[in-house]
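The values are calculated or read from the model by the stated rules, or taken from the named source; none is laboratory data. Note that this is a predicted model, so its numbers are computed, not measured. Cβ atoms come from the backbone with ideal geometry, glycine included; neighbour counts cover every protein chain shown. In case anyone asks, the SASA skips ligands and DNA or RNA and just uses the protein heavy atoms, side chains included. Shrake-Rupley method; radii C 1.70, N 1.55, O 1.52, S 1.80 Å.
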Amino acid sequence: MLRRASLRVTGPRVAVLRAVHDHPHADTDSIYGVVRSDLGVVVSLQAVYDVLRALTDAGLVRRIQPAGSVARYEARVGDNHHHVVCRSCGAISDVDCAVGYTPCLTAADDSGYEIDQAEVIYWGQCPRCAAAASAASGR
Ligand SMILES: [Zn+2]
Ligand SMILES: [Zn+2]
């Protein structure tokens, strides 16, 4: 993948790319942890930041940043899928593109812009938090 994107293949780049593949939607700190402890590659946090930026610029990794969250990274690129975010714990899951009748994705007034993309984040509670909340309330 690195070679196809004309990036030099280095240990840290391979390790970060693998970490992002194995841990979708991880933030920089968790990727740093995976690279160091699971993959045993000695890198600095700054190097991980730099590699993530290079991979994102090359289109190998997609960066998402829901409101109130730090940047997260994923290797599922090129399909412009959406995300659902848990308001309680910050968990993130993929949501495929909306299909069928999607009134909110069609701007009622495009102000003359040529729109080619709508970015959607669904907010709610993940199954774990919803279960914990209903257990706590005794329902
Ligand atoms: Zn949650
Ligand atoms: Zn995703």
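Looking at V48, is it more than 16 Å from ligand 1 (Cβ to nearest atom) and in contact with a Leu (Cβ under 6 Å, 6 or more places away or on another chain)? No; evaluated as a whole, the condition is false for this residue. Each residue in region 80-121 was checked for being within 13 Å of ligand 1 (Cβ to nearest atom) and not polar (S, T, N, Q), and 8 pass. Screening region 1-36 for residues that are assigned to a helix (DSSP H, G or I) and in contact with a His (Cβ under 9 Å, 6 or more places away or on another chain) and picking the one that is least open to solvent (accessible area, probe 1.4 Å) gives I31. Screening Q65 against (1) within 26 Å of R128 (Cα to Cα); (2) at pLDDT 95 or above leaves a single unmet condition, (2).
Looking only at residues of region 84-139 that are part of a loop (DSSP other than H, G, I, E, B) and of a type in the set (K, R), we find that the one that is nearest to the chain's Cα centre (by Cα) is R87. In this structure, does I121 turn out to be within 16 Å of ligand 2 (Cβ to nearest atom), modelled with pLDDT under 95 and open to solvent by 60 Å² or more (accessible area, probe 1.4 Å)? When the stated conditions are applied, I121 passes them.
For (1) over 30 Å from A131 (Cα atoms); (2) open to solvent by 40 Å² or more (accessible area, probe 1.4 Å); (3) within 9 Å of ligand 2 (Cβ to nearest atom), each residue gets a yes or a no:
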site	(1), (2), (3)
V61	yes, no, no
R72	no, yes, yes
H83	no, no, yes
S93	no, yes, yes
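Evaluated against (1) away from ligand 2 (no atom under 15 Å from the Cβ); (2) open to solvent by less than 70 Å² (accessible area, probe 1.4 Å); (3) of a type in the set (D, E, K, R), R87 falls short on exactly one condition, (2). The single condition among (1) under 16 Å from the mean Cα position of the chain (by Cα); (2) surrounded by fewer than 16 Cβ atoms within 10 Å (Cβ to Cβ); (3) closer than 30 Å to V9 by Cα that G40 does not satisfy is (1). Yes or no: region 92-106 includes at least one residue that is in contact with a Lys or Arg (Cβ under 8 Å, 6 or more places away or on another chain) and in contact (Cβ under 8 Å) with a residue 12 or more places away in the chain. The answer is yes, given that some residue of region 92-106 is in contact with a Lys or Arg (Cβ under 8 Å, 6 or more places away or on another chain) and in contact (Cβ under 8 Å) with a residue 12 or more places away in the chain.
Looking at the structure I just gave you, is T106 at pLDDT 95 or above, farther than 30 Å from A133 by Cα and among the β-branched types (V, I, T)? So T106 does not fit the description; no. Taking the conditions exactly as written (closer than 27 Å to Y122 by Cβ and of a type in the set (K, R)), does R62 satisfy them or not? When the stated conditions are applied, R62 passes them. Does D79 fit the bill of being closer than 27 Å to C126 by Cβ, assigned to a strand (DSSP E or B), touching a residue at least 12 places away in the same chain (Cβ under 8 Å) and open to solvent by 50 Å² or more (accessible area, probe 1.4 Å)? For D79, the condition - closer than 27 Å to C126 by Cβ, assigned to a strand (DSSP E or B), touching a residue at least 12 places away in the same chain (Cβ under 8 Å) and open to solvent by 50 Å² or more (accessible area, probe 1.4 Å) - is not met.
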